[in-house]
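Rule-based calculations on the coordinates, nothing more; no lab input. All values derive from a computational prediction rather than experimental measurement. Cβ atoms come from the backbone with ideal geometry, glycine included; neighbour counts cover every protein chain shown.
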């Protein structure tokens, strides 16, 4: 019997969407509690680490998005079928974590002026995302399955689909030089379980 899950995160994609996507891909029922920013100060002291997202598992709360993502992936056979596949997936997760950390600094670093934040954000979109996409395109070109790791859906595919929302929303013809990555996105969108969730999720800026 599957544990009882409640995912608590802001009403945006951010660091919490990978958990939503994984749970939906696994076909697992969960409560998706979306917190408005005005509610956060009152809620903060009751979270495991003073941050969101956190996942309540049978009433006990756990924080940190990537350990939670790996937990879900392992539990529901989305981590890779063997140690080498899991290693390959982890490498891709590190690529994505690097770019997410850079995006976080560009938005939230109090040492940067607004102009510097804007410049850092532009650099991520014009330099860092193309570098990431080049790495992913190479992997997909060598893949016989159309997935990033092995012959089935894994956390790596879901994490890439999630982070690619950023350039997809901001850059016209983002896949022009990345045909395999474009097909990969269509493949994940057409997953029978994710296809039920994606059209219904709130349309948020980040």
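The packing ranking of peptides 146-152, 161-167, highest mean first, is 161-167, 146-152, where packing means the average number of other beta carbon atoms within 10 angstrom of each residue.
The simple spin-label model puts a point 7 Å past each Cα toward its Cβ; for residue 114 and residue 84 those points are separated by 5.3 nm. Under the classification rounded if a/c is under 1.5, otherwise prolate if a/b is larger than b/c and oblate if not, where does the chain fall, given a ≥ b ≥ c as square roots of the Cα gyration tensor eigenvalues? In terms of gyration-tensor shape, oblate.
Could you work out how much longer the chain between residue 75 and residue 4 gets when fully extended? Use 0.36 nm per residue separation minus the Cα distance between them, nm to one decimal.
Numbers: separation 71, 0.36 × 71 = 25.56 nm, distance 1.36 nm.
Taking residue 75 through residue 4 to full extension adds about 24.2 nm, to one decimal.
If you sort the three axes of the alpha carbon gyration tensor as a ≥ b ≥ c, you get a/c of 1.5 or more for segment 83-189 and a/b above b/c, which makes it prolate. As a proxy for reagent exposure, 18, 57 were ordered by neighbouring Cβ count within 10 angstrom, fewest first; the result is 57, 18. Each stretch of four or more DSSP H residues adds -39500 (n - 2.57); spread over every residue of the chain, this sum gives -15500 deg cm²/dmol at 222 nm.
Sequence-distant contacts, meaning Cα pairs under 8 Å at least 6 residues apart, place the relative contact order of segment 1-156 at 21 percent. Here the residues 76, 9, ranked from fewest to most Cβ neighbours within 10 Å of their Cβ, fall in the order 76, 9. Its relative contact order, with pairs defined as Cα atoms under 8 Å and 6+ residues apart, puts segment 5-77 at 38 percent. Sorting 92, 72 by the number of Cβ atoms found within 10 Å of their own Cβ, with the fewest placed first, yields 92, 72. The Cα center of segment 20-49 and the Cα center of segment 66-87 differ in position by 21 Å.
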